[in-house]
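Student: Please read through the structure below; I'll follow up with questions.
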Amino acid sequence: MAERTVKLMQGNEACVDGAITAGMRFYAGYPITPSTEIAELSAAKLPRIGGKFLQMEDEIASISAIIGASLTGHKSMTATSGPGFSLKQEGIGYAVISEVPCVIVDVQRGGPSTGLPTSPAQGDIMQARWGTHGDHSIIVLYPSTVREIYDTTIRAFNLAEKYRTPVILLMDEVIAHMREKIEIPNDDEIKIYNRKKPEVNSSEYLPYKVKEGDIVPEMASFGEGYRFHVTGLVHSETGLPTNDHKIAEELTTRLVNKIEDNVDDIVEYEEYRLEDADEVIVAYGATARSAKSAINALREEGIKVGMFKPITIWPMAQKQIEDIAKKVKRISVIEMNMGQYFLEVDRIAGKFTKVDRYGRVNGELITPEEIVSFIKEG
Amino acid sequence: MRRQELRLSGSGGQGLILAGIILAEAALHDGKNVVQSQSYGPEARGGASKAEVIISDDIINYPKVNKCDMLLSLTQKACDKYIDSLKPGGVLILDNTVTEHPNRDDIKIYSIPILETAEDTLNKPMVANIIALGSIYQLTKVVSKESLEKAVLSRVPRGTEELNKKALGEGFKLIKNHKDSSYGEVC
């Protein structure tokens, strides 16, 4: 195996490099701290490889642009933060119903509104899940190291292509702005998934018909001779709008189930010192790093704590959390918000064990010392 | 090597974030694990600025500097703000324009003319950060000299290599010539 490149890399840079490796050839965005480097680096790197970068007039235009670009067959991404993420919600819903693969990065900052522009927060957990209206499912990934940002960005594109859905990459300011050692995987270690194109010719093509055995409809690209209609309205297999109640029921159900029926494929997580743990921390992103330091310190004192770190935060790792809950005396959800993931973990684990939370919303990363004393308080 | 935490503080425009990146890259060349982060105000110049570097043989989980082993402060404001974060037994490098020294007897203080050397000896105020790196190396040996030189030369603009090498050398000298340099290595 060829030797991997070792570099000092910033989180936001790893996101751009991962995206380009995954096949991103179009980026549209409106810069906002702490995500701005993603736009800057996309602007610098995409033109050199035949890609396109557009700075749009605002966030709504940005997400609209990436949806359009994806429909022409180009893997597309946009990045933003808190208030910009709010603005993109309408477009995210459009991508959900029209089944257009795309990646939306939200490097979170303190909120609501313009909030704390340069400080970390994990307050968009629920906005990522339910920010756009209507019944839908969504895939949300949450990395906690620079290397994980690289890998997870690639995975975000792969899942977007495979399930024809917008995928949200939630990031923490802490990791987005810090630099750390990263070993870049070689090409032969990376799997790239591309959307399935239609096998039938244009006259027989039904843009929203799912073939027997497939998860999603085959996707033609505009500009390749296939004429089809794309809409945010409920549509039939033809892509044309309809008010038919039966079709509406079928479509919404299919859009939700294509994700919920494939949770095992979509869910990714890390288990840390769980084998003999009688007490478990659930943490994600930067907070999971603090939790690891805390766990190592607690273990030195003989306290058997482990961690379950979801990397896919939506859909949830229901089965895994349930299994852990049956074995341990307590689960503590540690997050930089006022309990957004806690309530969901409690919904799953609360029947089997005690579920507690520790959180903070002052714009500072939770420290290992705080976690140690929280766990010790019992 | 146990976890070493270094904090470089001053005002925006002094190149401290670049200095932090260079130090981190030098540690990377040495085969260490490293995390570098920064904070700054909304201003491009003049606001408070700090860069942090954590170097360790072990995996670095918690990525922030809490109590640091070494603090560099190029301004009075930065010194006042961060002095409490320096560990007992830690090293404080102050530019000699910082005149009010902290009232702590559990740390080693080095007051050296970093900004003046950049301005008067090298006629380039912008190399103060590289001089500071030279002094940090000479005092802490937290990275190897070869790696530091390599990291500096790969990050500075083309055509300024000689100037920056000279700046590093001036940084070494500021500590070597310091009357109290017997304290020596802290790592």
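Read-outs: derived from the displayed coordinates by stated rules, not from any lab. Computed from a predicted model, the values in this text were never measured in an experiment. No Cβ is skipped: glycine too gets one built from the backbone with ideal geometry, and neighbour counts run over all protein chains shown.
Student: Which angle between 0 and 90 degrees, to the nearest 10, do you get for helix A:340-349 versus the longest principal axis of chain A when only C-alpha atoms count?
Tutor: So the helix axis and the longest Cα principal axis differ by about 80 degrees.
Student: Here's a follow-up. So how long is each side of the range B:95-148 along the principal axes, counting just the alpha-carbon atoms, biggest first, in Å?
Tutor: 32, 28, 12
Student: From the Cα gyration tensor of the range A:1-60, with a ≥ b ≥ c the square roots of its eigenvalues, which class applies: rounded if a/c is under 1.5, or else prolate if a/b is larger than b/c, or else oblate?
Tutor: oblate
Student: Hey, quick one: spin label on A:Met126, modelled 7 Å out along Cα-Cβ, who in the range A:337-374 has an amide N within reach, i.e. under 19 Å?
Tutor: A:337-350, A:355-363
Student: Assigning unit charges at the beta carbon (Lys, Arg +1; Asp, Glu -1) and nothing else, what dipole magnitude in debye, to the nearest 20, does the range A:269-377 show about its Cα centre?
Tutor: For this selection, approximately 260 debye.
Student: So what's the angle, to the nearest 10 degrees on a 0 to 90 scale, between helix A:146-163 and the longest Cα principal axis of chain A?
Tutor: So the inclination is approximately 40 degrees.
Student: Any idea which of A:Ile104, A:His136, A:Ala22 is furthest toward the positive side of the dipole for the range A:10-143, if Lys and Arg beta-carbons carry +1 and Asp and Glu beta-carbons -1?
Tutor: The Cα lying farthest towards the positive end belongs to A:Ala22.
Student: Same structure, new question: What angle, in degrees between 0 and 90 and rounded to the nearest 10, separates the Cα long axis of helix A:318-327 from the longest principal axis of the Cα atoms of chain A?
Tutor: Roughly 20 degrees, rounded to the nearest 10.
Student: Dipole magnitude of chain A about its Cα centre, charges +1 at Lys/Arg Cβ and -1 at Asp/Glu Cβ only, in debye to the nearest 20?
Tutor: Around 120 debye, computed over chain A.
Student: Over the Cα atoms of chain A, Rg to Rh with Kirkwood Rh, two decimal places?
Tutor: We get a ratio of 0.98 for chain A.
Student: Quickly estimate the mean residue ellipticity at 222 nm for chain B, helices only: each DSSP H run with n ≥ 4 gives -39500 (n - 2.57), and the total goes over all residues, rounded to 500.
Tutor: Calculated mean residue ellipticity at 222 nm is -10000 deg cm²/dmol.
Student: A:Trp314: net charge of surrounding residues, Cβ under 11 Å, Lys/Arg +1, Asp/Glu -1, itself excluded?
Tutor: -1
Student: For the range A:1-72, run through the trypsin sites (Lys or Arg not before Pro) and keep only the ones in DSSP coil with at most 14 other Cβ atoms within 10 Å of their Cβ.
Tutor: A:Arg4
Student: Additional query: For the range A:251-304, just the Cα set please: Rg and Dmax, both in angstrom.
Tutor: Here Rg and the maximum Cα pair distance are 16.7, 54 Å.
Student: Right, here's the next one. To the nearest whole number, what is the average tally of beta carbon atoms from other chains within 10 Å of the beta carbons of peptide B:50-63?
Tutor: The shielding value for this peptide is 4.
Student: Also, quick follow-up: What net charge is computed for the residues neighbouring A:Ser64, neighbours being all others with C-beta under 13 Å from the C-beta of A:Ser64, Lys and Arg scored +1, Asp and Glu -1?
Tutor: Result for the neighbourhood of A:Ser64: -3.
Student: About its Cα centre, what dipole magnitude does the range A:289-329 give when the only charges are +1 on Lys and Arg Cβ and -1 on Asp and Glu Cβ, stated in debye to the nearest 20?
Tutor: Here the range A:289-329 has a charge dipole of around 40 debye.
Student: Arrange the peptides A:185-196, A:59-70, A:156-167 so that the one whose residues have, on average, the most other Cβ atoms within 10 Å appears first.
Tutor: A:156-167, A:59-70, A:185-196
Student: Return the average number of partner chain Cβ atoms within 10 angstrom of each residue Cβ along peptide A:170-183.
Tutor: Shielding by partners across A:170-183 averages 4.
Student: A further question follows. Would you calculate, for chain A, the mean residue ellipticity at 222 nm contributed by helices, counting each DSSP H stretch of 4 or more residues as -39,500 (n - 2.57) and dividing by all residues, to the nearest 500?
Tutor: -12000 deg cm²/dmol
Student: From the residues B:Val35, A:Met338, A:Gly73, which one has its Cα farthest along the dipole of the protein assembly as shown in the positive direction, the dipole being from +1 and -1 charges on Cβ of Lys/Arg and Asp/Glu about the Cα centre?
Tutor: B:Val35
Student: State the Cα centre-to-centre distance between the range A:85-136 and the range A:269-302 in whole Å.
Tutor: Distance between centres, Cα-based: 28 Å.
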